[in-house]
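Q: Below is a structure I'd like to ask you about.
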Amino acid sequence: MTEYDGSGAAGAVTLANWLRAPYHVVGFQHVRELVPTAGISRGEGPVLGFEPGPALAGLRLAGPYADVAELAARTATDALVVLHRGRIVHEHYANGMRPETPHLCMSVSKSITATAVGSVIASGAMSPDDEVCDLLPELRGTGLAGASVRHVLDMRTGTREDITTLELQRAYYATCLWAPPAPLPESPGRDEDSRAHLARLTQVRPHGGHFEYRSTLTCLLGMLAERASGLRLPELISRHLWQGLGAEHDAEITVDRNGNALADIGVSCTVRDLARLGQVLLGGGARPDGTRVVPDGWVADTLVPDPGQADAFAPHGTPYLAVPGAYYRNQWWVAGPRRAGRDGVYLALGIHGQLLYVDEAAGVVVAKFSSWPEPWIDDLARDTVAGCASIVRALADTP
């Protein structure tokens with residue numbers, strides 16, 4: 001496959017190394033050449049265009065980085081788009097990226113999946129109050145018994161994470177076709193597909209308690225939405241999000257040997273289309289021309305926490321988002337709930353530095369693809385979020 005030509009390393013990017021530095025810099029841009037994918041069609045509608053705005057490049061930032069160029073350089077940025085009031089004020093590409101290049105979203109995929117599921121819920125096909133096992137009776141008798149769709153959306157089920165060791169993670173990636181075949185540790189074989197492990201989930205505390213970040217639950221959410229809607233996940237995301245979004249390009253999502261889409265980390269798209277998602281959400285779920293894409297009530301619901309939700313987030317969520325009062329709802333990280341009108345601040349986050357940041361009051365969207373050398377780096381995560389907040393402050397007085 002493509003040769004890596006940076007950071008002093010060279011060699012073919014393969015299925016065995018594409019998730020590791022330095023090969024991931026290229027691998028994240030060439031997922032379809034390594035892993036089976038299904039298309040997420042943009043349809044045939046018009047593209048949501050952007051007008052250019054005042055350049056952000058010379059704007060000084062009062063935060064961890066002096067300006068946006070330093071933020072991009074020091075956080076291993078592959079692509080960056082900043083929108084202010086629907087206009088592009090900054091665009092940056094590195095490491096071979098171009099506006100039309102797809103990039104792996106990693107766990108930003110969770111927020112994309114859940115936003116599409118919001119339309120399934122609004123249609124009445126599924127309710128947050130529905131019990132998981134009523135929609136998926138094959139999971140009765142597992143740790144998911146008694147859990148609701150709301151518990152899954154907010155990652156507040158009482159189930160233990162099933163993939164708890166490096167060996168198990170490697171085996172799971174092999175099952176997802178993200179890595180060469182590998183047997184499950186202490187097992188005669190591997191799971192049939194990426195969803196088989198859901199039947200092994202055990203309950204270790206009451207459902208509806210503390211938030212705990214678990215990718216497994218987004219895969220479960222995708223399975224629930226498929227059962228409720230009768231659509232496979234790639235088609236569901238296309239119909240309920242990507243076609244209405246005004247995306248410029250088709251997106252794609254990786255699939256396992258049985259065609260199950262990896263809802264939690266498998267989406268790839270262009271950075272401009274990710275920014276378009278942020279812009280539509282900034283409009284309460286509608287395009288600037290008023291075309292409804294995401295139910296307005298879904299965005300509002302995300303930004304109005306249940307009583308005690310911030311307290312439930314703090315024990316396990318603070319390492320990811322160290323902001324007072326933060327919480328996780330509808331598979332989005334909320335740094336600031338709505339208090340007066342549309343003034344929420346929320347994020348989609350993915351390992352290796354993938355990000356979508358939306359500040360309603362300021363009218364700012366930041367979409368960022370990155371290739372951090374390690375999956376999660378606390379300093380980079382903290383400083384990237386702080387850098388986005390600094391961009392918002394810098395743009396506050398810009399017309």
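Only the coordinates and a few stated rules stand behind these numbers; no lab work does. Note that the coordinates shown come from a computational prediction; the quantities given were computed from them, not determined experimentally. Methodologically, a virtual Cβ is constructed for each residue, glycine included, from the backbone with ideal geometry; neighbour enumeration extends over all protein chains shown.
Q: List the pair-distance distribution P(r) of segment 50-126, using every Cα-Cα distance, as the percent of pairs falling in each 5 Å bin from 0 up to the bin containing the longest distance, rounded to whole percents.
A: Result returned by the calculation: 3, 12, 15, 17, 19, 14, 8, 6, 4, 1.
Q: Between Ala389, Ala38, Ala247, whose Cα lies farthest towards the positive end of the dipole of the chain when Lys and Arg beta carbons carry +1 and Asp and Glu beta carbons carry -1, centred on the Cα centre?
A: Highest projection toward the positive end goes to Ala389.
Q: Might you report the magnitude of the Cβ-based charge dipole of segment 260-399 about its Cα centre, with Lys and Arg at +1 and Asp and Glu at -1, to the nearest 20 debye?
A: The calculated dipole for segment 260-399 is roughly 320 debye.
Q: Report, in whole Å, the centroid distance computed from the Cα atoms of segment 227-248 and segment 332-399.
A: 25
Q: Given N residues in segment 252-329, what is its alpha carbon radius of gyration divided by 2.2 N^0.38 Å?
A: 1.40
Q: Can you tell me how much longer the chain between Arg160 and Glu44 gets when fully stretched, taken as 0.36 nm per residue apart minus their C-alpha distance, in nm with one decimal?
A: Working: separation 116, 0.36 × 116 = 41.76 nm, distance 4.28 nm.
Between Arg160 and Glu44, full extension yields an extra 37.5 nm.
Q: Place +1 on the Cβ of every Lys and Arg and -1 on the Cβ of every Asp and Glu in the chain, take the dipole about the Cα centre, and give the residue among Ala228, Val364, Leu274 whose Cα lies farthest towards its positive end.
A: Val364
Q: About the Cα centre of the chain, how large is the charge dipole given +1 on each Lys and Arg Cβ and -1 on each Asp and Glu Cβ? Please answer in debye to the nearest 20. Intermediate results must be reported in sequence, preceding the final value.
A: Values: 34 positive and 45 negative charges, 77 e Å.
Computed charge dipole of the chain: roughly 380 debye.
Q: Can I ask one more? Largest first and in whole Å, give the semi-axes of segment 153-294's equivalent ellipsoid, each being the square root of 5 times a Cα gyration tensor eigenvalue.
A: 31, 19, 13
Q: Please work out the Cα convex hull volume for segment 243-399 and give it in Å³ per residue.
A: Values: hull volume 23.2 nm³, N = 157.
Cα convex hull per residue, to the nearest whole number: 148 Å³.
Q: Then there's this: Using a 10 Å cut-off around each Cβ, can you sort Val267, Val392, Val47 from fewest to most neighbouring Cβ atoms?
A: Numbers: Val267 34, Val392 20, Val47 14.
Arranged by neighbour count, lowest to highest, Val267, Val392, Val47 become Val47, Val392, Val267.
Q: Give the peptides 21-28, 159-166 in descending order of average Cβ contacts within 10 Å, highest first.
A: 21-28, 159-166
Q: Taking every DSSP beta bridge that has both residues in the chain, what percent is antiparallel when rounded to the nearest 5?
A: 95
Q: Now for a separate question. Take the Cα atoms of the chain, build their convex hull, and give its volume per residue in Å³.
A: Per residue, the Cα convex hull of the chain comes to 135 Å³.
Q: Please name whichever of Ile351, Cys176, Ile88 sits farthest to the positive end of the charge dipole of the chain, dipole taken about the Cα centre and charges placed at Cβ: Lys and Arg +1, Asp and Glu -1.
A: Ile88
Q: Please build a GNM for the chain, connecting alpha carbons under 10 Å apart, and tell me which residue among Gly222, Gly49, Gly285 fluctuates the most.
A: Among Gly222, Gly49, Gly285, the largest GNM mean-square fluctuation belongs to Gly49.
Q: Cut-off 10 angstrom, C-alpha nodes, Gaussian network model of the chain. Which of Asp191, Asp289, Asp129 fluctuates the most?
A: Looking only at Asp191, Asp289, Asp129, the largest GNM fluctuation is found for Asp289.
Q: Continuing with this model, one more query. Taking a ≥ b ≥ c as the square roots of the Cα gyration tensor eigenvalues, with a/c under 1.5 meaning rounded and otherwise prolate when a/b beats b/c, else oblate, which class fits segment 174-250?
A: oblate
Q: What ranking do Tyr327, Tyr320 get, fewest neighbouring Cβ atoms within 10 angstrom at the top?
A: Tyr320, Tyr327
Q: Further, regarding this structure: Contact order normalised by length for the chain, with contacts defined as Cα pairs under 8 Å and 6 or more residues apart; what percent is it? All intermediate terms of the calculation are to be shown ahead of the outcome.
A: Working: 827 pairs, mean separation 90.9, N = 399.
Reported relative contact order: 23 percent.
Q: Tell me the label-point distance for the pair Asp343, Ala16, using the 7 Å Cα-to-Cβ offset, in nm and rounded to one decimal.
A: With each label point 7 Å from Cα toward Cβ, the separation is 5.6 nm.
Q: Hey, another quick one. Ignoring solvent entirely, what values of log10 I(q)/I(0) come out of the Debye formula for segment 302-381 at 0.14, 0.20, 0.21, 0.25 Å⁻¹ when each Cα is a single scatterer?
A: Scattering profile of segment 302-381, log10 relative to I(0): -0.47, -0.91, -0.99, -1.24.
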